[in-house]
1. Of all residues in region 15-44, how many are without any contact (Cβ under 8 Å) to a residue 40 or more places away in the chain and over 20 Å from residue 68 (Cα atoms)?
2. Given 157, 198, which one is in the same structural domain as residue 230 (by TED's automatic domain parsing) and not basic (Lys, Arg)?
3. Would you call residue 93 within 13 Å of the ligand (Cβ to nearest atom), among the hydroxyl-bearing types (Ser, Thr, Tyr) and under 14 Å from the mean Cα position of the chain (by Cα)?
4. Identify the single condition in (1) under 19 Å from residue 251 (Cα atoms); (2) touching a Phe, Trp or Tyr at 6+ places or on another chain (Cβ under 8 Å); (3) crowded, with 18+ Cβ neighbours inside 10 Å that residue 206 does not satisfy, given that it satisfies every other one.
5. Does residue 46 meet the test of being part of a helix (DSSP H, G or I) and either closer than 22 Å to residue 111 by Cα or not β-branched (Val, Ile, Thr) (or both)?
6. Mind telling me which of the residues 218, 171, 224 ends up being charged (D, E, K, R) and free of Cβ contacts under 8 Å to residues at least 24 places away in the same chain?
7. Confirm whether residue 75 is part of a helix (DSSP H, G or I), free of Cβ contacts under 8 Å to residues at least 24 places away in the same chain and touching a strand residue (DSSP E or B) at 6+ places or on another chain (Cβ under 6 Å).
Amino acid sequence: MRLRNKTVIITGAGSGIGKSTALLFAREGATVIVNDLQEPAGEQTVKEIRDAGGIGHFIQADVTDVQSVQAMVDKALNLVGHIDVLFNNAGISGVGAIHEIEPEQWDKVINVNIRGVFLPTKYVVPHMMERKSGSIIHMSSCIAEIGLARRASYAATKGAVLALTKSMQVDYAPYNIRVNALLPGTILTPFVENYLKTSYADPEEAKRSLKSRQLSNDLGSPEDVANAALFLASDDSKFMMGSPLYIDGGVTFGKNA
Ligand SMILES: NC(=O)c1ccc[n+]([C@@H]2O[C@H](COP(=O)([O-])OP(=O)(O)OC[C@H]3O[C@@H](n4cnc5c(N)ncnc54)[C@H](O)[C@@H]3O)[C@@H](O)[C@H]2O)c1
């Protein structure tokens with residue numbers, strides 16, 4: 001029960017990594033505020049938390065919308081009274097080299113993946129500053145560190161989130177708030193399943209090729225990332241500040257050939 005008495009907000013917790021993390025955090029004793037744009041998906045996560053004996057509440061919000069995010073934070077504070085951990089997980093993919101993507105596609109990825117981190121943080125951090133306590137976890141990606149074909153907009157956002165993590169840590173260290181980032185490799189979630197289906201004629205062949213890119217020769221699971229998020233959320237990581245944590249099957253620092 002490493003998160004006993006802690007309240008956690010997880011954005012994008014209706015699917016994939018956010019959902020697995022919500023279920024794990026609830027098992028570890030946290031009260032979990034499950035956020036998502038999609039109401040049925042978010043409600044389903046809460047149902048699974050409660051069915052397993054945990055405490056969860058769904059708050060629908062679009063992380064790119066000021067009023068929506070303000071209302072989410074107010075509601076969470078009214079429900080539970082304090083927020084100990086914010087996991088800025090919600091994100092979307094962006095496929096294409098610069099010459100292939102339209103300005104509107106670029107703006108959308110930037111908006112969700114960067115503004116969608118800025119806004120929840122902006123409205124949660126004053127509360128953490130007042131309490132002089134908190135852990136903020138940002139979802140970056142190992143793509144912030146390595147070049148990968150046709151991911152220009154996505155890579156730009158995940159690099160920005162990593163830079164933001166370090167800068168925020170300097171600002172908020174005096175308030176005993178830790179800010180760290182997760183850098184997953186390819187994790188088999190609906191996000192990746194959908195990308196495989198829409199980007200390749202043969203998704204199974206594409207999956208095999210993705211697998212061969214990792215030293216592990218396999219893709220990660222949402223639980224692999226949830227376990228890393230648990231470490232950053234809990235006091236076990238109290239000496240980690242402004243750090244990237246890689247969960248990538250060796251893809252960033254190893255070469256499989
Ligand atoms: N799956 C991977 O291989 C991988 C690797 C590295 C990083 N990531 C990052 O992990 C995060 C989660 O990815 P996933 O694979 O679990 O994706 P997913 O698509 O399975 O889940 C993302 C969730 O975010 C929600 N969401 C999207 N836009 C939103 C918005 N504006 N407001 C609120 N919720 C919104 C979606 O409804 C969805 O439920 C993303 O930031 C992604 O970039 C994923």
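The values are calculated or read from the model by the stated rules, or taken from the named source; none is laboratory data. The structure presented is a predicted model; accordingly, all values stated were derived computationally and were not measured. Here the Cβ is made from the backbone with ideal geometry for all residues, glycine too, and neighbour counts use every protein chain on show.
1. Residues in region 15-44 being without any contact (Cβ under 8 Å) to a residue 40 or more places away in the chain and over 20 Å from residue 68 (Cα atoms): 5 in total.
2. Numbers: 198 fails: in the same structural domain as residue 230 (by TED's automatic domain parsing).
Every option except 157 fails the conditions.
3. On the way: within 13 Å of the ligand (Cβ to nearest atom): yes; among the hydroxyl-bearing types (Ser, Thr, Tyr): yes; under 14 Å from the mean Cα position of the chain (by Cα): yes.
So residue 93 fits the description; yes.
4. (3) is the only condition that residue 206 fails.
5. no
6. Unique residue meeting the criteria: 171.
7. Yes.
Residue-by-condition table, conditions (1) modelled with pLDDT of 95 or more; (2) under 22 Å from residue 16 (Cα atoms); (3) away from the ligand (no atom under 11 Å from the Cβ):
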site: 84; (1), (2), (3): yes, no, yes
site: 88; (1), (2), (3): yes, yes, no
site: 100; (1), (2), (3): yes, no, yes
site: 104; (1), (2), (3): yes, no, yes
site: 121; (1), (2), (3): yes, yes, yes
site: 126; (1), (2), (3): yes, no, yes
